[in-house]
Amino acid sequence: MSNLAILGGDAVIAGPLPPYRSMGERERAAVIEVVESDCLSGFFGSPGPRFQGGPRVLAFEEAWRQHYAVDFAVSVNSATSGLYAAMGAIGIGPGDEVIVPPWTMSATAMAPLIYGAIPVFADVEPDYFCIDPRAARAEITPRTRAIVAVNLFGHPAALRELRELADERGIFLIEDNAQAPSARENGRPCGTIGHLGVFSLNYHKHIHTGEGGMCVTNDETLARRLRLIRNHAENAVEWMEMDDLANMVGFNFRMTELSAAVGMVQLAAIDEHVGRRQRLAEALSEGVRDLDGLTPPPVRDGCTHDYYCWTVRYDVETMNVSRQTFSDALAAEGFPHSLGYVPPLYLLPLFRERTAIGGGGFPFTLTNRSYGKGLCPITERLHEKEAMVFQPCAFTVDDEVTEKLAEALRKVHAAAPELAAYDREKGRAD
Ligand SMILES: *Cc1c(COP(=O)(O)O)cnc(C)c1O
């Protein structure tokens with residue numbers, strides 16, 4: 001009889017992995033202190049000192065600014081809000097184009113749409129999964145206003161090259177840095193290489209405040225515009241001396257004092273929170289290094305990787321086992337993961353049906369761009385055939401379990417001939 005769990009043997013890891021826990025005594029004390037102050041938010045939506053938030057929001061922004069060595073840090077209530085505010089701040093409008101990668105969380109591509117602008121998808125690099133500068137360059141037109149680079153899974157996009165491209169063409173580089181809060185490219189922190197960077201502090205990220213986000217920039221005007229959009233811009237444009245009224249129609253994207261207090265504690269421990277995920281991911285990469293057919297995530301020269309996700313690229317030709325069967329066998333051993341990440345965003349119903357703002361096709365009525373299968377073949381191949389994705393951020397994993405996760409990968413890999421037979425029984429090909 002087989003010892004594979006999928007065929008009735010014992011699983012390498014018994015029971016589900018415990019969820020990641022990151023709230024400790026210090027967060028607890030910080031929250032209690034805010035509750036006792038009775039002021040859960042310090043914002044006012046009208047001109048005056050409280051337009052910029054309460055004391056903990058201001059302190060958290062200052063800590064963030066110093067940590068990332070930027071001129072301005074503007075807190076928001078999510079990275080999604082931050083991306084919306086970023087698009088508003090750079091002044092995009094209906095019919096403008098914003099180049100985005102298709103393999104990312106959906107908010108990256110929704111942000112331009114909110115302002116009636118058109119997301120244009122540029123394919124990713126096959127090794128690093130981030131927007132390919134050559135593909136981005138090929139999509140630039142006179143209508144292009146920005147490129148959004150996503151430092152996907154915690155690995156830096158080719159940021160320096162993208163920044164040079166943006167500067168050369170007089171457009172903005174925005175970083176969606178939700179997944180790479182400590183990653184670096186050529187010594188510089190991700191999020192600070194573009195004109196504007198957006199971080200997420202949602203529950204699933206390396207450090208979090210439940211919900212939350214932070215925008216960083218070295219541009220004073222962009223910072224002022226972000227602060228306005230965050231908090232009912234229309235009421236405060238004159239007070240903030242903002243002459244350019246484009247997109248000065250504000251939201252409420254304000255962070256609470258509770259979130260800021262927790263964020264302070266989390267930021268102080270960021271090296272520990274990120275380091276734990278890095279050690280786990282590096283051990284897994286080591287564990288599969290010599291296994292043909294499984295390629296762990298490479299790290300580009302001059303870069304560091306935060307491992308929001310740890311990936312393997314699966315080579316079905318070498319393995320001679322379908323990715324689905326390999327994945328099922330791995331899951332049966334107790335190794336949680338997903339096949340692929342999210343489907344390429346241009347396959348979402350709103351692009352397929354060309355319906356976003358209102359029911360009349362706006363803003364797609366303003367473009368001849370089309371969306372459909374085949375648009376970004378590398379992303380499609382990675383998602384549909386090659387990638388298997390594990391989320392170190394989701395679990396608490398000690399050294400012993402790390403060993404077992406690697407062992408599960410090796411066990412299933414070694415059983416390829418048996419799994420090939422299983423495939424034949426199931427009539428599976430890839
Ligand atoms: C999580 C995430 C977001 C959205 O973050 P929220 O804070 O939940 O709005 C945006 N982009 C990427 C790449 C993300 O991973």
(Q) Looking at Leu83, Leu159, Leu152, Leu165 in this structure, which one is over 29 Å from Tyr314 (Cβ atoms), among the hydrophobic types (A, V, I, L, M, F, W, C) and within 16 Å of the ligand (Cβ to nearest atom)? (A) Leu83
Q. So which of Tyr115, Tyr203 ends up being out of contact with any His (no Cβ under 8 Å at 6 or more places or on another chain), of a type in the set (Phe, Trp, Tyr) and away from the ligand (no atom under 16 Å from the Cβ)?
A. Tyr115
Q.
Looking at Leu291 and the list (1) free of Cβ contacts under 8 Å to residues at least 60 places away in the same chain; (2) over 24 Å from Thr209 (Cβ atoms), which single condition is not satisfied?
A. (1)
Q: For Pro343, work out the one condition from (1) under 22 Å from the mean Cα position of the chain (by Cα); (2) crowded, with 17+ Cβ neighbours inside 10 Å it doesn't fulfil.
A: (2)
Q: Please verify whether the stretch 20-28 includes one or more residues that are outside any helix (DSSP H, G or I), open to solvent by 50 Å² or more (accessible area, probe 1.4 Å) and in contact (Cβ under 8 Å) with a residue 24 or more places away in the chain.
A: yes
(Q) Please verify whether Val100 is within 14 Å of the ligand (Cβ to nearest atom) and either within 29 Å of Met388 (Cα to Cα) or touching a strand residue (DSSP E or B) at 6+ places or on another chain (Cβ under 8 Å) (or both), treating the condition exactly as stated. (A) yes
Q) When you scan the stretch 373-401, how many residues do you find that are among the polar types (S, T, N, Q) and either more than 25 Å from Val321 (Cα to Cα) or crowded, with 22+ Cβ neighbours inside 10 Å (or both)? A) 2
Q) For the stretch 354-408, which residues satisfy the criterion of being at positive phi and in contact with a Gly (Cβ under 8 Å, 6 or more places away or on another chain)? A) Arg354
(Q) For a quick check of your reading of the model, give me the residue pairs whose first member lies in the stretch 98-118 and is closer than 11 Å to Val148 by Cα and at pLDDT 95 or above, whose second is part of a loop (DSSP other than H, G, I, E, B) and of a type in the set (Phe, Trp, Tyr), with beta-carbon atoms closer than 6 Å and at least 6 apart or on different chains. (A) none
Q: Restricting attention to helices (runs of 4 or more DSSP H) lying wholly within the stretch 34-137, give those where 3 or more residues are open to solvent by 50 Å² or more (accessible area, probe 1.4 Å).
A: 55-68
Q: Could you list all residues from the stretch 226-269 that are among the β-branched types (Val, Ile, Thr) and more than 25 Å from Glu33 (Cα to Cα)?
A: Ile229, Val237, Val249
**Q.** Search result, residues across the stretch 138-159 that are free of Cβ contacts under 8 Å to residues at least 40 places away in the same chain and in contact with an Asp or Glu (Cβ under 6 Å, 6 or more places away or on another chain)
**A.** Leu159
(Q) Exactly one condition in (1) within 23 Å of the chain's Cα centre (by Cα); (2) free of Cβ contacts under 8 Å to residues at least 24 places away in the same chain is false for Glu36; which is it? (A) (1)
Q) Which residues, counting only those in the stretch 168-193, are within 14 Å of the ligand (Cβ to nearest atom) and in contact with a helix residue (DSSP H, G or I) (Cβ under 6 Å, 6 or more places away or on another chain)? A) Ile174, Asp176, Ala178, Gln179, Ala180, Ala183
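The values are calculated or read from the model by the stated rules, or taken from the named source; none is laboratory data. Please read these numbers as outputs of a predicted model, since none were measured by experiment. Because the Cβ atoms are built from the backbone with ideal geometry, glycine has one as well, and the counts that use them run over all protein chains shown. Accessible surface is based on the protein model in full, side chains and every heavy atom, while ligands, DNA and RNA are left aside. Shrake-Rupley method; radii C 1.70, N 1.55, O 1.52, S 1.80 Å.
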